[in-house]
Amino acid sequence: MQEYLAADRLRTDWDVQQSLTLGEADVGGVNSAAETRGLLLDAAQRAACYLESCDARPVLPTPAALERLAELDIPLPDAAQPASKTLCQLDEIASPATVATAGGRFFGFVHGGALPVSVATNWLATAWDQNTALPSAAPAAAEIERVALRWLLELFGLPEHAAGAFVTGTTMAHFSALAAARHALLRQQGWDVDADGLFGAPAITVLVGDEAHPTLFKALGLLGLGRRRVLRVPVDAQGRMRADKWPTFGGPAIVCLQAGNVNTGAFDPFNELIDLAHSTGAWVHVDGAFGLWASASSRQALLTAGINRADSWACDAHKWLNVPYDSGLAFVRDANALRAAMAVSAEYFPEQGSLRTPSAFTPELSRRARGVDIWAVLRTLVSARPAAFLSKRSPRARLIAAACRQSAASTAVV
Ligand SMILES: *Cc1c(COP(=O)(O)O)cnc(C)c1O
């Protein structure tokens with residue numbers, strides 16, 4: 001058994017590897033290295049054509065394009081087909097049925113399109129196909145994520161020793177950060193929630209603003225803290241939590257603040273609310289799905305003043321950073337709390353050496369190397385401190401806001 005556990009097991013003998021290589025055999029619809037290359041180049045060509053088409057086509061697919069999706073809905077195939085044909089079918093039938101979020105005319109929600117550099121590096125990382133659970137299986141990915149995390153913490157002005165998790169989105173970032181909160185608060189009460197669960201545990205009070213994002217409630221439900229079992233603090237007309245309506249409560253508590261209300265863009269008054277929360281020993285969590293990025297902009301940083309005094313933060317990289325889906329980030333000041341909540345071990349895991357172990361911080365074990373896209377965008381766009389790369393975009397956002405106001409005013413007159 002011990003021999004099986006040795007890290008050397010990952011290094012099979014070169015000759016053995018050669019004899020196991022499939023060579024010219026059919027590998028999933030392609031028959032040779034040349035065909036694989038042709039397939040990948042074809043995909044790249046088609047993707048480039050697709051992106052170029054986004055600015056000339058309607059943002060929403062036409063009814064005819066949507067109807068054609070039925071052509072994909074055939075009975076479970078009884079015969080194989082070449083990979084190139086599969087790619088072609090998807091491009092011809094499904095590409096026109098997409099919403100052109102990658103183009104310059106999509107302004108829905110708080111989404112953005114993926115930046116070209118992040119699409120390209122995402123493809124490369126897909127070709128690597130690294131299982132970013134353990135550094136022994138994905139040393140480059142583990143190291144790139146370690147660096148990306150350090151850059152992000154610096155960019156946001158968060159504590160340099162905070163832990164980070166590369167997850168699917170803000171929903172899972174909430175889940176991860178609040179799992180750490182749950183662990184830390186109950187550990188202070190002498191209760192090991194990860195071992196013994198929530199039944200019989202001391203109660204945790206959860207405070208949320210009345211306009212908290214629905215994903216926060218989802219995460220609370222998943223954690224057994226309850227979607228409804230929360231104290232809702234009244235908010236002002238912009239959706240900001242009102243400090244003058246602060247409820248009284250005792251015992252372990254989590255206070256969930258918001259950086260960027262999804263309807264108004266408003267930010268909670270962090271300094272004031274964090275003072276109140278910390279005076280009772282509460283854990284402060286911030287939903288900064290898109291708003292945390294304001295702290296990376298010299299012009300917008302005032303909005304997030306005091307945010308770095310919180311205990312955990314959730315954020316999306318597939319929003320402001322414009323990497324491909326799915327990509328979210330959780331940051332937790334008490335690294336040990338996140339590690340304790342996410343710990344996983346198995347006899348068959350080899351020793352991990354000194355590299356960062358990605359799965360020690362995430363709900364997932366196996367996953368793609370999400371941090372690669374993030375590293376790539378930061379490496380490409382961040383050129384100066386304080387970060388100017390986001391500041392460049394806000395004048396455009398203001399321009400759009402002014403145009404909307406004007407159009408609303410003229411509609412009102414009519
Ligand atoms: C988008 C968003 C979320 C949810 O993020 P996902 O990445 O979709 O899980 C949560 N909170 C706010 C404020 C958001 O804008």
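Points worth noting:
- Test: residue in the range 117-131 that is small (Gly, Ala, Ser), open to solvent by less than 50 Å² (accessible area, probe 1.4 Å) and touching a Leu at 6+ places or on another chain (Cβ under 9 Å): yes
- Restricting the first member to the range 118-130 and to residues that are closer than 20 Å to TRP320 by Cα, and the second to residues that are part of a loop (DSSP other than H, G, I, E, B) and open to solvent by 30 Å² or more (accessible area, probe 1.4 Å), the beta-carbon pairs closer than 8 Å and six or more apart or on different chains are ASN122/ALA114.
- Count of the range 261-284 residues, restricted to those that are without any contact (Cβ under 8 Å) to a residue 60 or more places away in the chain, in a loop (DSSP other than H, G, I, E, B) and either open to solvent by less than 10 Å² (accessible area, probe 1.4 Å) or more than 23 Å from ARG187 (Cα to Cα) (or both), is 7.
- Residue check, LEU153 surrounded by fewer than 23 Cβ atoms within 10 Å (Cβ to Cβ), over 20 Å from ALA219 (Cβ atoms), away from the ligand (no atom under 16 Å from the Cβ) and not small (Gly, Ala, Ser): yes
- The test for being closer than 24 Å to GLY113 by Cβ and in a helix (DSSP H, G or I) holds for ALA43.
- Any hit, the range 292-303, residues being open to solvent by less than 10 Å² (accessible area, probe 1.4 Å), hydroxyl-bearing (Ser, Thr, Tyr) and under 16 Å from LEU178 (Cα atoms): no
- Across the range 134-148, the number of residues qualifying as modelled with pLDDT of 95 or more and within 23 Å of GLU351 (Cα to Cα) comes to 10.
- Checking each residue in the range 70-100 for being outside any helix (DSSP H, G or I) and of a type in the set (Ser, Thr, Tyr) picks out only THR98.
- If only residues of the range 70-86 that are within 31 Å of the chain's Cα centre (by Cα) and of a type in the set (A, V, I, L, M) are counted, the one that is surrounded by the most Cβ atoms within 10 Å (Cβ to Cβ) is ALA83.
- Enumeration of residues in the range 328-376 that are in a helix (DSSP H, G or I) and surrounded by fewer than 21 Cβ atoms within 10 Å (Cβ to Cβ): ALA335, ASN336, ARG339, ALA340, ALA360
- Residue within the range 245-258 that is in a helix (DSSP H, G or I), open to solvent by 20 Å² or more (accessible area, probe 1.4 Å), away from the ligand (no atom under 16 Å from the Cβ) and modelled with pLDDT of 95 or more present: yes
- Qualifying positions in the range 89-120 - farther than 18 Å from ALA48 by Cβ, more than 16 Å from the ligand (Cβ to nearest atom) and aliphatic (A, V, I, L, M): ILE93, ALA97
- Flag for ALA177 being within 16 Å of the ligand (Cβ to nearest atom), farther than 18 Å from ALA369 by Cβ and modelled with pLDDT of 95 or more: yes
- Positions within the range 180-231 being within 16 Å of the ligand (Cβ to nearest atom) and of a type in the set (Lys, Arg), in sequence order: LYS218, ARG227
- Whichever residue in the range 286-325 is in contact with a helix residue (DSSP H, G or I) (Cβ under 8 Å, 6 or more places away or on another chain) and near the ligand (Cβ under 8 Å from one of its atoms) and, among such residues, is modelled with the lowest pLDDT: LYS319
- Selection within the range 66-84 - of a type outside the set (A, V, I, L, M, F, W, C) and touching a residue at least 12 places away in the same chain (Cβ under 8 Å): ARG68, GLU71, GLN81, PRO82, SER84
- Verdict on GLU67 being out of contact with any helix residue (DSSP H, G or I) (no Cβ under 6 Å at 6 or more places or on another chain), assigned to a helix (DSSP H, G or I) and either surrounded by 11 or more Cβ atoms within 10 Å (Cβ to Cβ) or of a type in the set (A, V, I, L, M) (or both): yes
- In the range 160-170, the qualifying residues are those that are more than 19 Å from SER366 (Cβ to Cβ) and surrounded by 16 or more Cβ atoms within 10 Å (Cβ to Cβ), and the one that is nearest to the ligand (Cβ to nearest atom) is THR170.
The values are calculated or read from the model by the stated rules, or taken from the named source; none is laboratory data. Bear in mind the structure is a predicted one, so any value in this text is a computation, not a measurement. Cβ atoms come from the backbone with ideal geometry, glycine included; neighbour counts cover every protein chain shown. We work out accessible area using only protein heavy atoms, side chains counted, and drop any ligands, DNA or RNA first. Shrake-Rupley method; radii C 1.70, N 1.55, O 1.52, S 1.80 Å.
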